[in-house]
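Derivation of every value follows stated rules applied to the coordinates shown; laboratory data play no part. No experiment lies behind these values; they were computed from the predicted model shown. For neighbour counting, all protein chains shown are included, and Cβ atoms are generated from backbone atoms with ideal geometry for every residue, glycine included.
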Amino acid sequence: MSKSYKYLMVQCYLLLITFSSAANSQNRNETSLTGRIEVRGELVENACRLELDSAYQEIDLGVQPTSHFQLVGDYGKPVSFELTFMDCLRTGSATRDDRSGSQFFDNYQPSVTVSFLAAADSTNSDLVAASGTSGLGLIIKDQRNRAVRIGFPGQQFVLTPGQDSIRYTITPVRTAEPLIAGAFYTTIFFHMMYN
């Protein structure tokens, strides 16, 4: 064995003793725990993302007097709400509107259709059922004042790259059931389809 090799071995041995005694003294004075963190994710490319405030909304229709609902089809006061889209990419879109039969094509702007899902009123399937009362349903209209068909894809909207919003209104409507005053409520889900 060479002299430099023996010298290296002695240094390694001394270093090992130093680390070993430091570890033992630390173990005597402290308790050490270990753990693990697992991180997962998925990177996807999509046309837009929905702003969190748009995804979960509570809409208060306020006090609606029965005097506004004397005849079937009478409307109460509408309340607006929005779906706000963020980080919309410059992607083209090409779709056909099933309702009107018209076709749409754009090289830069994404488009979206929104479907609303809820229990339908028993006397008018175009209205959302309002639980807790009778004789009252709810109609949703888009920003072009067109009634939204519950359970069906809505009209297509072209979104501006970056950020954009689609406005809707929800309005109480008198139905054919006997009118009974009381607090009412419902839950409406929605689904977006980027085209």
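If you plug each phi of segment 138-153 into the Karplus form 6.51 cos²θ - 1.76 cosθ + 1.60 with θ = phi - 60°, what whole-Hz ³J(HN,Hα) values come out, in order, with x for Gly and Pro?
10, 10, 10, 10, 7, 5, 9, 6, 9, 5, 8, 7, 5, x, 10, x
Apply the Karplus parameterisation 6.51 cos²θ - 1.76 cosθ + 1.60, with θ equal to phi minus 60°, to every residue of segment 59-65 and state each ³J(HN,Hα) to the nearest whole Hz, in sequence, with x for glycine and proline.
Each residue of segment 59-65 in turn: 10, 9, 7, x, 8, 10, x Hz.
Once you put a point 7 Å from the Cα of ARG144 and another 7 Å from the Cα of LEU117, both along the Cβ direction, what distance in nm separates them?
The two pseudo-label positions are separated by 2.5 nm.
HN-Hα J couplings of segment 110-124 from phi, Karplus 6.51/-1.76/1.60, θ = phi - 60°, integer Hz, Gly and Pro as x?
Result, ordered by residue: x, 10, 9, 10, 10, 10, 9, 10, 6, 5, 7, 4, 5, 9, 8 Hz.
Around PHE184, which amide H atoms from residues at least 5 apart in sequence, or from another chain, sit under 5 Å from its own amide H, with H modelled in the peptide plane?
Close amide H contacts, sequence-distant or interchain: none at all.
In nm, give the distance between the simple-model label positions of TYR75 and VAL63, each being 7 Å from the Cα along the Cα-to-Cβ direction.
Result: 2.3 nm between the two label points.
Among 48-59, 134-145, 174-185, 78-89, how do they line up from the highest to the lowest mean number of other beta-carbon atoms within 10 Å? Each step should come with its number before you reach the end.
Working: 48-59: 12.2, 134-145: 17.8, 174-185: 13.7, 78-89: 15.9.
Result, highest mean first: 134-145, 78-89, 174-185, 48-59.
Mind listing the long-range amide H neighbours of GLN143? Cut-off is under 5 Å, sequence gap 5 or more, other chains count too, H placed in the peptide plane at 1.01 Å from N.
When sequence neighbours closer than 5 places are left aside, the close amide H contacts are ARG167.
Check which residues have an amide H placed less than 5 Å from SER134's amide H, if you skip close sequence neighbours.
ILE180
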